[in-house]
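Shown next, in structure tokens, is the structure this report addresses.
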Amino acid sequence: MRAVEDAILVAFVVAVVYTDWRYRRIPNAFTYPVMLAGLVLGAVEALPGEAFVNGLIDHVAGLVVGFLVAYPFYAMGGLKAGDGKYLMAVGAMRGLGLLLVGAVYGALLGGVIALGFIAVRRLRPANGATASMGGVMKTWIPYGVALGLGTLLALALELSGSLPGAAM
């Protein structure tokens, strides 16, 4: 069952990274089906009864915590709604553990990407305008790309056994 979840997750993340980079959006057509598939797969994992906590409850907790992590940043304008739904979909598909580790790696990568964007825009302003720090900070930064790369890194570490507490 985990291999199916991983395959869906990788396809989802690759699609999100592409669309966020190319079109600056994460479509609902990607996020909602992955949330639903994750909950269904979690329910299937829970069928034997003994795996209930690692199955459905973990997937539901991942979805809820994905929302709780993203909402304050969304409310303050730091994340777009698609980024929040992305986190919810990852949590629903793979549960709480991968969501949290992937989100931390994504935040770190997001910081690096943001610094790179700020440096480039500060050194080379568009349209001959002066590059004020306020103007630079209001520009778009592809945070879905950072979250996606963080998720892929967490998944790769989990699959390699390098992630502490990784469930194989």
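All of the numbers you see were taken from the coordinates with simple rules; none came from a lab. As the structure is a prediction and not an experimental result, all values here were calculated from the model. Backbone-built Cβ (ideal geometry, glycine too); neighbour counts: all protein chains shown.
Judged by the ratio a/c of the largest to the smallest principal axis of the C-alpha gyration tensor, the stretch 2-160 counts as prolate, that ratio being 1.5 or greater while a/b is larger than b/c. Karplus-derived 3J(HN,Hα) values for the stretch 13-28, using 6.51 cos²θ - 1.76 cosθ + 1.60 with θ = phi - 60°, are 5, 4, 5, 5, 4, 4, 5, 5, 5, 7, 10, 6, 7, 10, x, 4 Hz; glycine and proline are entered as x. Measuring from label point to label point, each 7 Å out along Cα→Cβ, what is the residue 11 to residue 118 span in nm? Here the answer is 3.9 nm between the modelled labels. For the stretch 4-85, the gyration tensor built on C-alpha atoms gives an oblate shape. Its axis ratio a/c (a ≥ b ≥ c) is at least 1.5, and a/b is not larger than b/c.
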